[in-house]
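Read-outs: derived from the displayed coordinates by stated rules, not from any lab. These numbers come from a predicted model, not from an experiment. Because the Cβ atoms are built from the backbone with ideal geometry, glycine has one as well, and the counts that use them run over all protein chains shown.
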Amino acid sequence: MSLCLVTGGAGFIGSHLVDGLLQAGHSVRVLDNLSTGNLANLTEVRPRVQFIEGDITDLETLRAATRGVAWVFHEAALASVPRSVADPAATNRVCVDGTVNVLLAARDAKVQRVVYAASSSAYGASPSLPKRETDLTLPLSPYAVAKLAGEHYCAAFSEVYGLETVRLRYFNVFGPRQPPDSPYAAGIPRFLEAMLAGKSPIIYGDGQQSRDFTYVADVVHANLLAAKAPGVSGKVFNIACGHRTNPATSSTAKRTSLPRSPS
Ligand SMILES: NC(=O)c1ccc[n+]([C@@H]2O[C@H](COP(=O)([O-])OP(=O)(O)OC[C@H]3O[C@@H](n4cnc5c(N)ncnc54)[C@H](O)[C@@H]3O)[C@@H](O)[C@H]2O)c1
C-alpha cells in the first residue's frame, strides 16, 4: 500500500483515479483548487481521502501535499483549448509553472514516481494516423503547447535529477462525471445531455471529423500500470483505444456549418 497524491483529484479523470487507487488498496491525498473540479465527485470516498484545497501554482502548498507520498498522479490543469485561447497566460501559469512546482516538490520529497496527464493535442497538425509516440509533435493551441511543455519538464527532471516520471498522452477521454454544462464541455457529454432531454445533438461541420475516444476506466488502469511498471521512467505512452469514431453515423444528429474547436 502506498500513499498517493492526485493533483486535480476532484476533477473528472482525477476523481476516477482516486476511486481506482482506493480500490487497489492505496491511501490517497487530493490537492485541488476546485476551479473546474467538484467535491461532489468525491462524495462516496470522501471519508477515506485526505483533501487539501489548494493551488499547484503555490510551491509551499505542494511541498506540504507531497510529504510522505510514494506516487504523484498529476492531473490538475486548465484542461480546455478554448479557455487557453481566451487566456493563454492563465493556462501557462497552471499547466507549465504548476507542473514545474509539482516536479520540484516531488523531487525534494523523494517521491518514487510522477505520472503526468499529457495530451494527444501534442500531435496537433501532425498528419500521420494512427498517432505514434515517435511522431513529430506540432501543438496548435496554447493549451497543447503548455501540456507539451509539462511533458518536456517531466523528461528533463528524469534526466537531470533522476526523478522517475512517466507521461501518458490521453486521447479524448469520456465517462461519468464529465460535465456537459461547461462552455468548454466535450462532445460526448453534450450529445448525451441533448438526447436525454429528447433533443437532437448538434454536430458542427460535415460530421466526418473523427476522434479516438477513450473510456475513463482505461485511463485509470493505464495510470496504475504506469506507477508500478519497471523500466518506464522518462517514457511517453499514448492512452487511446485505437479506433476512429465520427458523429456522421448518428441519425438523430442535427448539423450546422459552424466549425468547432477540438476538446
Ligand atoms: N479530458 C480529456 O479528454 C483529456 C485529454 C487529454 C489530457 N487530459 C488531461 O487530463 C487531466 C484531467 O483532465 P479532466 O478532463 O479531468 O479535467 P478537469 O477540469 O475535470 O480536472 C482538472 C482538475 O484540476 C483542478 N485544478 C485546475 N487548476 C488547478 C490549480 N491551479 N491547482 C489545483 N487544482 C487545479 C480542477 O479544479 C479540476 O478538479 C488534465 O491534466 C488534462 O490536461 C484530459
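Tabulated values for the structure
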read-out: R0 of 41 Å, Cβ-Cβ distance residue 160-residue 129: FRET efficiency to nearest 0.05; value: 0.75
read-out: C-alpha long axis of helix 187-196 to longest principal axis of the chain, angle in °; value: 60 degrees
read-out: Within the range 97-119, backbone nitrogen closer than 18 Å to the virtual label 7 Å beyond the Cα of residue 235 toward Cβ; value: 113-119
read-out: FRET efficiency estimate (nearest 0.05) - Cβ-Cβ, residue 152 to residue 202, R0 35 angstrom; value: 0.40
read-out: Net dipole in debye of the chain [+1 Lys, Arg Cβ; -1 Asp, Glu Cβ; about Cα centre; nearest 20]; value: 440 debye
read-out: Percentage relative contact order, the chain, counting C-alpha pairs under 8 Å, at least six apart; value: 18 percent
read-out: Value at 222 nm in deg cm²/dmol, rounded to 500, when DSSP H runs of n ≥ 4 in the chain each add -39,500 (n - 2.57); value: -9500 deg cm²/dmol
read-out: Nonlocal amide H pairs with residue 51, under 5 Å, H built at 1.01 Å; value: 30
read-out: Point-to-point label distance, residue 2-residue 52, nm (Cα→Cβ direction, 7 Å offset); value: 1.8 nm
read-out: Part-to-part distance (alpha-carbon centres) for the range 1-57 and the range 144-219, which is given in Å; value: 18 Å
read-out: Additional length obtainable on full extension of the chain from residue 44 to residue 228, 0.36 nm per residue less Cα span; value: 63.6 nm
read-out: Bridge type composition, the chain - antiparallel percent by DSSP, nearest 5; value: 5 percent
read-out: Helix axis angle, 142-161 relative to the chain longest principal axis, alpha carbon, degrees; value: 30 degrees
read-out: Loop trypsin sites (Lys or Arg not before Pro), the range 23-64, which have at most 12 other Cβ atoms in a 10 Å radius of their Cβ (DSSP); value: none
read-out: 200, 128 arranged by Cβ crowding within 10 Å, fewest neighbours leading; value: 128, 200
read-out: Folded to 0 to 90 degrees: helix 216-228 orientation relative to the chain principal axis, Cα; value: 30 degrees
